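Only one structure is covered here, and it is reproduced in the block below.
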Amino acid sequence: MEKLMITGGRPLQGTVSISGAKNSAIALIPATILADSEVVLDNLPLLSDVAVFADILEELGAKVTREGSQMRIDPTQIKSIPMPNGSVKKLRASYYMMGALLGKFKEATIGLPGGCNFEPRPIDQHIKGFEALGATVTNEHGSIHLYAKELRGAKIYLDVSSVGATINIMLAASRAKGSTIIENAAKEPEIIDVATLLNSMGAVIKGAGTETIRIEGVSELHGCRHSIIPDRIQAGTYMIAAAATRGDVVIDNVIPKHMEAMTAKLLEMGVRIEELDESIRVIGCSNYEAVDVKALVYPGFPTDLQSPMTSLLTQADGVSVLSDFVYSSRFKHVPELVRMGAKIRVEGRSAIIEGSRLNAAKVKATDLRAGAALVIAGLTVEEGITEVSGVEFIDRGYDFLVENFRRLGADIWRETE
Ligand code: EPU
């Protein structure tokens with residue numbers, strides 16, 4: 001097992017380039033199943049979750065070749081074989097195999113997904129969508145079996161604007177007969193990215209990025225080439241790290257529009273921000289104001305950045321309240337930060353954070369974003385070495401994390417336990 005070792009206290013300086021979005025990539029790869037010829041994906045992040053998805057597609061019979069950040073997927077030989085166990089259990093996003101296989105073969109058996117389990121994460125809205133399209137969905141010994149004689153378009157109102165359910169319904173509905181309307185759809189940029197790929201494959205999807213998405217089913221989808229959008233969560237993590245270490249960092253290859261909630265919060269704290277077309281410069285300062293943060297669905301402040309933000313708020317003067325309205329108990333990073341000297345208490349779905357100096361400690365990442373929060377906390381500590389275990393979680397969402405931080409001047413390295 002590996003751990004990250006950090007000697008903090010150095011202001012980050014320089015430029016970091018952001019990779020393609022993880023949460024797009026892990027929906028786009030299964031989406032390629034729906035095509036009848038080769039799909040080329042560019043700007044893929046080099047992440048363990050992406051590698052697992054390539055394995056899943058190969059197990060089904062696809063030919064997958066990878067060169068740097070490009071992946072070529074030839075789905076012509078794919079079959080819908082049952083996948084109750086194995087790689088599908090390693091990833092939460094393996095639920096996208098349900099929508100993709102159902103769309104193409106009208107049948108799928110997929111083991112219930114694994115992934116970052118910071119709290120119960122139901123998939124009832126995905127199932128509601130599949131059923132509305134005419135599928136029978138049963139849970140057979142922990143595997144979801146889906147079958148439809150025919151998929152027919154339907155009007156589906158999502159009880160919660162779920163990213164996963166919106167994408168899964170788009171996948172299946174793009175090959176259904178007739179029109180599908182998703183109301184209260186999620187509006188995250190990753191939804192638009194998936195719709196863009198599907199449309200390039202010949203699908204007819206309108207309204208992605210708004211709360212109403214209309215899909216006209218088609219009988220065939222073909223190959224295409226698609227470049228993945230930059231990872232807004234990775235970008236936000238480096239923005240927070242730059243501010244927390246009171247550094248001066250240019251975050252390159254970003255879409256500033258996707259970062260608005262993050263940028264606004266940093267400005268409110270007193271961080272200086274300069275925006276260019278595809279980059280954002282973050283200039284930290286010695287004193288930050290405490291602020292309140294509400295994690296909401298897009299375009300609100302992203303829940304995936306609330307754990308890293310908690311670490312930054314320990315560096316503010318006064319008391320901040322950070323509430324998560326997407327996940328009610330995503331606070332597994334808090335006890336670890338408290339071990340580092342943070343003054344934080346959790347009340348309901350909020351963390352109340354009092355500014356304090358952090359000290360070095362041995363801490364454990366229990367999920368991906370909690371891991372990012374601990375690394376940022378470690379980078380602020382002025383004396384001693386912070387040890388972060390649970391690196392396998394961090395590797396799921398941040399490629400070249402150590403290399404990037406080292407290039408920005410941080411003293412961070414990997415050790416094997
Ligand atoms: N929800 C339901 N029923 C459902 C689906 C969701 O009640 O059928 C609830 C969830 O419990 C949650 C809310 O709806 O309270 C939103 O969940 P959503 O479905 O949007 O999340 P997801 O699709 O499972 C994706 C990302 C997460 C990210 C969320 C929110 C992937 C694989 N995961 O999850 O990313 O936190 O959207 O933006 O795309 C991460 O990257 O660290 C991560 C966890």
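The values are calculated or read from the model by the stated rules, or taken from the named source; none is laboratory data. Just so you know, these numbers come straight off a predicted model, no measurement behind them. Neighbour counts are summed over all protein chains in view; Cβ atoms, including those assigned to glycine, are modelled from backbone coordinates with ideal geometry. We work out accessible area using only protein heavy atoms, side chains counted, and drop any ligands, DNA or RNA first. Shrake-Rupley method; radii C 1.70, N 1.55, O 1.52, S 1.80 Å.
What the table shows:
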quantity	calculated
Residue that is nearest to C285 (Cα to Cα), among those in segment 4-13 that are open to solvent by less than 30 Å² (accessible area, probe 1.4 Å) and part of a strand (DSSP E or B)	I6
Of the criteria (1) of a type in the set (D, E); (2) without any contact (Cβ under 8 Å) to a residue 24 or more places away in the chain; (3) within 11 Å of the ligand (Cβ to nearest atom), which one D49 fails	(2)
Within segment 213-326, helices (runs of 4 or more DSSP H) holding 1 or more residues that are free of Cβ contacts under 8 Å to residues at least 12 places away in the same chain	260-269
Sole exception among (1) more than 17 Å from the chain's Cα centre (by Cα); (2) within 18 Å of A377 (Cβ to Cβ); (3) open to solvent by less than 40 Å² (accessible area, probe 1.4 Å) for R246, by number	(3)
Number of positions in segment 348-365 that are open to solvent by 10 Å² or more (accessible area, probe 1.4 Å) and either in contact with a strand residue (DSSP E or B) (Cβ under 6 Å, 6 or more places away or on another chain) or more than 20 Å from L313 (Cα to Cα) (or both)	9
Selection from segment 370-407 of residues that are without any contact (Cβ under 8 Å) to a residue 40 or more places away in the chain and surrounded by fewer than 20 Cβ atoms within 10 Å (Cβ to Cβ)	E403, R406
Selected residue [away from the ligand (no atom under 16 Å from the Cβ) and within 26 Å of the chain's Cα centre (by Cα)] from L322, L312, L374	L312
The listed residue being polar (S, T, N, Q), modelled with pLDDT under 95 and within 12 Å of the ligand (Cβ to nearest atom), out of N168, N139, N184, N117	N117
I376 vs. criteria assigned by TED's automatic domain parsing to the domain that holds L296, in a strand (DSSP E or B) and out of contact with any Phe, Trp or Tyr (no Cβ under 9 Å at 6 or more places or on another chain)	no
Residue in segment 300-313 that is in contact with a strand residue (DSSP E or B) (Cβ under 9 Å, 6 or more places away or on another chain) and more than 30 Å from E190 (Cα to Cα) present	no
Selection within segment 145-168 - open to solvent by less than 70 Å² (accessible area, probe 1.4 Å) and among the aliphatic types (A, V, I, L, M)	L146, A148, L151, A154, I156, L158, V163, A165, I167
